[in-house]
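Shown next, in structure tokens, is the structure this report addresses.
The values are calculated or read from the model by the stated rules, or taken from the named source; none is laboratory data. Keep in mind it's a predicted model, so treat the numbers as computed, not measured. Here Cβ is always computed from backbone atoms with ideal geometry, including for glycine, and neighbour counts include all displayed protein chains. Heads up: the accessible areas ignore ligands, DNA and RNA and are worked out on the full protein's heavy atoms, side chains in. Shrake-Rupley method; radii C 1.70, N 1.55, O 1.52, S 1.80 Å.
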Amino acid sequence: MVNAVYLHIPFCDYICHYCDFNKIFMQGQPVNDYLEHMDVEMKNTLDRFPTNKIDTIFVGGGTPTALNEEQLEKFLKDVQDRFGPYVTDELEFTMEANPGSVTPEKLRIMKSYGVNRLSIGAQAFQDSLLTRLGRGHSVEEIGEIVQMAQQEGFTNLSLDLMFGLPDQTIDQFSETISRALELGITHVSSYSLQVEKKTVFYNQWRKGELPLPTEEAEADMYALLISRLEEAGLSQYEISNFAKEGYESKHNITYWKNDEYYGIGAGAHSYIDGVRRANAGPLKQYMNRIDENGFPYMDDNVLTKAERMEEEMFMGLRMREGVSKQRFEVKFGQPMFSVFGKQIENLTSKNLLHDTGTHISLTEKGFFLGNEVFQEFLAID
């Protein structure tokens, strides 16, 4: 049974130089028509794949807060009408929010429809780096959005921070961490820059115009991030995520535990009944598919048992607690070691994994070499 919902708002007021998510510049787009199609997809999805309980809702993008007040209220009312009957008292309802695109009125609308967590795209606390990233906000506006949210009663606030940026120094990243902590947030997601195709940064990189920090400098930034946030009481519960106790992202834990979820909107992905589905990304194609057959799916990927077991390992190992041996055996009817004993022994001998008795998890060394660990669990016989 699906207990989590992801909803995708692809519109942006500006396009960041590193972003390869499904997004579109907002000006001149059929936003209202798109929201109507999302509502149809929500209804049809629940008709085809019923649920009796929703624990988490996450609205991502794009920039959900690029919607104006009227559009935002219409969208959240639709979400409430469709999923509201199934939400639990412990519902975690997250919206991504960008500095510069949030007003007190938008925050009040969110709160009135049950949004109780904001994921704020800060990325850096130097205006020069924000400009380099193509962000449309200033450092000052990061503080303003946090203050506004706190004044409206939001207590569960997450900041996104990036490291390994062009020309970024470790001193700058240290300052970014300090400035973030001063704001009194409860959660941090922090990722190193990945240069993806079809981005401004990729074109600059191909021309030799993207001066990135060395691998050693990037590793130093990651080590600094872990130590500074741990000192401040934000524990690392996943490779890239840190939280005060009780403020871990329940929605993202759904992904890492390889549980199923609805994916609504252009370019969204879903995982239902062992099948991964990808929605059409381009707006026109997304809406046309819904008009034609009620669903925007591009393809269905029915996972084999072997693929599901692989995912259980390389997704679950991202978390500090690791993968539960008991949960694995209940889920797949086989002990973990009967499937992955060779890989676990090999990685344990390299001090990348360890056995806690109940779980298999990454060591401190393993956290820095996660991709090397995850690769071992792909393409099992």
task = Answer with yes or no whether GLY121 is part of a loop (DSSP other than H, G, I, E, B) and crowded, with 16+ Cβ neighbours inside 10 Å.
result = no
message = Against the condition open to solvent by 10 Å² or more (accessible area, probe 1.4 Å), more than 30 Å from ILE226 (Cα to Cα) and modelled with pLDDT of 95 or more, how does LYS244 come out, does it pass?
response = no
ask   = Among the residues of segment 80-91 satisfying the criterion of being of a type outside the set (A, V, I, L, M, F, W, C) and part of a strand (DSSP E or B), which is least open to solvent (accessible area, probe 1.4 Å)?
value = THR88
note = Expected single match for more than 25 Å from ASN293 (Cα to Cα) and basic (Lys, Arg) among LYS43, LYS53 is LYS53
request  = Within segment 328-381, track down each residue that is part of a helix (DSSP H, G or I), in contact (Cβ under 8 Å) with a residue 40 or more places away in the chain and under 17 Å from THR304 (Cα atoms).
outcome  = VAL339, PHE340
query = If you scan segment 105-126, which residues turn out to be of a type in the set (S, T, N, Q) and farther than 25 Å from ARG179 by Cα?
reply = SER112
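Residue-wise test of (1) modelled with pLDDT of 95 or more; (2) under 16 Å from THR176 (Cβ atoms).
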{"residue": "THR199", "(1), (2)": "no, no"}
{"residue": "TYR202", "(1), (2)": "no, no"}
{"residue": "GLY208", "(1), (2)": "no, no"}
{"residue": "PRO211", "(1), (2)": "no, no"}
{"residue": "LEU234", "(1), (2)": "yes, yes"}
{"residue": "ILE264", "(1), (2)": "yes, no"}
ask   = Are there any helices (runs of 4 or more DSSP H) wholly within segment 134-243 with 3 or more residues that are of a type in the set (Val, Ile, Thr), and if so which?
value = 139-151, 170-182
task = Pairs only if they're at least six apart or on different chains, beta carbon under 7 angstrom, first in segment 37-59 and closer than 12 Å to VAL2 by Cα and β-branched (Val, Ile, Thr), second assigned to a helix (DSSP H, G or I) and at pLDDT below 95; list them, first residue then second.
result = none
key: Qualifying residue in segment 342-350 (condition: closer than 20 Å to SER240 by Cα and either aliphatic (A, V, I, L, M) or open to solvent by 90 Å² or more (accessible area, probe 1.4 Å) (or both))   = no
inquiry  = Being of a type outside the set (Gly, Ala, Ser), surrounded by 22 or more Cβ atoms within 10 Å (Cβ to Cβ) and either in a helix (DSSP H, G or I) or in contact (Cβ under 8 Å) with a residue 60 or more places away in the chain (or both) is true for just one of THR131, THR94. Which residue is that?
reply    = THR94
Given (1) open to solvent by 10 Å² or more (accessible area, probe 1.4 Å); (2) not in a strand (DSSP E or B), index of the condition TYR286 fails = (1)
message = Exactly one condition in (1) in contact with a His (Cβ under 9 Å, 6 or more places away or on another chain); (2) part of a loop (DSSP other than H, G, I, E, B); (3) of a type in the set (Asp, Glu); (4) under 30 Å from ASP47 (Cα atoms) is false for ASP259; which is it?
response = (1)
query = If only one of TYR113, TYR202, TYR191 is open to solvent by 30 Å² or more (accessible area, probe 1.4 Å), of a type in the set (Ser, Thr, Tyr) and in contact with a helix residue (DSSP H, G or I) (Cβ under 7 Å, 6 or more places away or on another chain), which one is it?
reply = TYR113
remark   = Only unsatisfied item for PHE314, checking (1) in contact with a helix residue (DSSP H, G or I) (Cβ under 7 Å, 6 or more places away or on another chain); (2) open to solvent by 30 Å² or more (accessible area, probe 1.4 Å); (3) outside any loop (DSSP other than H, G, I, E, B); (4) at pLDDT 95 or above, is (4)
ask   = When segment 1-47 is examined, which residues are found to be touching a helix residue (DSSP H, G or I) at 6+ places or on another chain (Cβ under 8 Å), among the hydroxyl-bearing types (Ser, Thr, Tyr) and within 26 Å of ASN203 (Cα to Cα)?
value = TYR18
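Condition check: surrounded by fewer than 21 Cβ atoms within 10 Å (Cβ to Cβ), β-branched (Val, Ile, Thr), farther than 17 Å from PRO282 by Cβ and modelled with pLDDT of 90 or more. Does VAL5 satisfy that?
No; evaluated as a whole, the condition is false for this residue.
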inquiry  = Condition first: at negative phi, at pLDDT 95 or above, assigned to a loop (DSSP other than H, G, I, E, B) and not aliphatic (A, V, I, L, M). Now tell me which residues in segment 100-118 satisfy that.
reply    = THR103, TYR113, ASN116
